[in-house]
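To start, the structure itself, in structure tokens.
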Amino acid sequence: MINSYRPTTVEEALQLIHQKRCHIFAGGTDLMIRKRQWQGAERKFTQPVVFINGIDSLKNIEETDTHYIIGALVTQTEMAESHLPEYIRVPYAQMSHPAIRNIATVGGNIVNAASVADSIPILLALDAEVTLQSVEGERTIPLGAFILGKYKTVRKDNELLTYIHIPKKNYNAYYYKKIGQRKASILSKVSVFIVHHKLDEIAITIGAVNPMVIRSVQLEKQFIKDHSIPDLIQGFKAILSGVNDKRSTKDYRETVAINMIKTYLEGVINEL
Amino acid sequence: MKIDFILNGNAVSIESTYTRRLLDVIREDFDLTGTKEGCAEGECGACLVFMDDLLVNSCMVPMANAVGKSVVTIESFAQTEAYKSIENAFMSSGAVQCGYCTPGMVMAVYELFKKYDAPTLQQVKEGLSGNLCRCTGYQMIFEAVAMLVKEGYRYD
């Protein structure tokens, strides 16, 4: 018999996860599937389960002069219907389908760290940081340093991801497209997110190709200087390492990612 | 353990684990079988219910996340005027064949009108993207929604 708990404050949750190694359960749209057995059977959890969805203090979107601060339990629907900039709202509105967005959380998608997680390319391009809290203290680190690989993060067993900090930027244009077998309710084969201010500032991420989201600040800087699409594409080609799996092939993923970036940026340059 | 929540307007208390699915509690403990199990992975929408007025897949909700919440199933929703109009539109358009997806589909249509007064075809497709139907080919369901739009159906 696995024990399960339903804390209603962060402090209570931190005490629980400090004592034992636990599954931390937020919206559950991934865990309910990963831990299932046969029809009618209860989910198969091998560690105590801490259900954190009763912690209301993590359900708010706040802002300071410099940042948007998103509580880990804010849902994807709340993100899509918030007052955040369009380049954040629109990608969230395209994740999964309405009923899943009503329960799937921002924090859950990050901590889960699936290689196909749709929120990670967005948050990574926006230089988001995450706050991890434990009974021993707290740390805030860049999202890029938080995720180590597919389903792997630097989160320690006694740490809870509590907030996501998104810096406010003066981006005035963005491109977001994800490719899947159908438009909704599907895991991406490949996704591209580009956010920029003219061509003075730009961030480009490619999701679902490599085990981790691809972003190269170095290529972005070079592109701002020389506006050379061929060089940018060459640079990306060198770091793409897609795989063949049940959803798609390496060739398809890489070709489509490159084509999306190329087509969009050619359009931007033509309009300058 | 004891879990309290509100089901179809009545305060209820059940003996259950936190990890049990809301779907199983609704069907087994309360014998409300209008809520169906389809894919069991949040893709098909056969198990949709309203939880605190939000459309959710009850196969994705462990009882821990239903504590204190107000859950409305198709049995209770079917008593409302809002439902009757959707039912009429579905019947007139031939939007029901085997009927397995219908409870979820009807609830998703209601939620769609919460967001849009007169949803366009694109918005209808997006709003019903979490509901799979293997009989109708969807066309008749889209027509039913178009009929509701024409009648000036409003979320209340």
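The values are calculated or read from the model by the stated rules, or taken from the named source; none is laboratory data. What you see is a predicted model; the values in this text were computed from it and never measured. Here the Cβ is made from the backbone with ideal geometry for all residues, glycine too, and neighbour counts use every protein chain on show.
Could you tell me whether residue A:176 is assigned to a loop (DSSP other than H, G, I, E, B) and modelled with pLDDT of 95 or more?
no
Looking at (1) in a helix (DSSP H, G or I); (2) within 14 Å of chain B (Cβ to nearest Cβ); (3) surrounded by 23 or more Cβ atoms within 10 Å (Cβ to Cβ); (4) touching a residue at least 60 places away in the same chain (Cβ under 8 Å), which one does residue A:91 not meet, given that it meets all the others?
(2) is the only condition that residue A:91 fails.
Which of the residues belonging to region B:55-70 are in a strand (DSSP E or B), at the interface with chain A (Cβ under 7 Å from one of its Cβ atoms) and among the polar types (S, T, N, Q)?
B:57
Within region A:1-55, can you find the residues that are more than 25 Å from the chain's Cα centre (by Cα) and of a type in the set (A, V, I, L, M)?
A:1, A:2, A:16, A:41
Consider residue A:115 against the criteria (1) in contact with a Lys or Arg (Cβ under 6 Å, 6 or more places away or on another chain); (2) assigned to a loop (DSSP other than H, G, I, E, B); (3) modelled with pLDDT of 95 or more; (4) hydroxyl-bearing (Ser, Thr, Tyr): it satisfies all of them except one. Which criterion is unmet?
Here residue A:115 clears every test but (3).
Taking region B:68-97 as the region of interest, how many residues are among the hydrophobic types (A, V, I, L, M, F, W, C) and touching a residue at least 60 places away in the same chain (Cβ under 8 Å)?
Residues in region B:68-97 being among the hydrophobic types (A, V, I, L, M, F, W, C) and touching a residue at least 60 places away in the same chain (Cβ under 8 Å): 5 in total.
Among the residues of region B:75-109, which ones are within 14 Å of chain A (Cβ to nearest Cβ) and in a helix (DSSP H, G or I)?
Within region B:75-109, B:103, B:104, B:105, B:106, B:107, B:108, B:109 meet the criteria.
Only strands (runs of 3 or more DSSP E) wholly contained in region A:10-74 count here; list those with 1 or more residues that are within 11 Å of chain B (Cβ to nearest Cβ). Walk me through it before giving the result.
Values: elements: A:23-25, A:49-51, A:61-63, A:67-71.
In region A:10-74, A:23-25, A:49-51 are the strands (runs of 3 or more DSSP E) which contain 1 or more residues that are within 11 Å of chain B (Cβ to nearest Cβ).
Do you know which of the residues in region B:110-131 that are buried (at least 20 other Cβ atoms within 10 Å of the Cβ), of a type in the set (A, V, I, L, M) and farther than 10 Å from residue B:155 by Cα is nearest to the other protein chains (Cβ to nearest Cβ)?
In this case the residue turns out to be B:128.
Go through (1) in contact (Cβ under 8 Å) with a residue 60 or more places away in the chain; (2) part of a loop (DSSP other than H, G, I, E, B) for residue B:117 and report which single condition fails.
(1)
Is it fair to say residue B:147 is more than 13 Å from chain A (Cβ to nearest Cβ), modelled with pLDDT of 95 or more, more than 27 Å from residue B:39 (Cα to Cα) and surrounded by 13 or more Cβ atoms within 10 Å (Cβ to Cβ)?
yes
Which of the residues belonging to region A:215-247 are touching a residue at least 40 places away in the same chain (Cβ under 8 Å) and closer than 18 Å to residue A:119 by Cα?
Passing the criteria: only A:215.
If you scan region A:143-170, which residues turn out to be surrounded by fewer than 19 Cβ atoms within 10 Å (Cβ to Cβ) and either of a type in the set (Lys, Arg) or farther than 20 Å from residue A:105 by Cβ (or both)?
A:144, A:145, A:148, A:149, A:150, A:152, A:156, A:167, A:168, A:169, A:170
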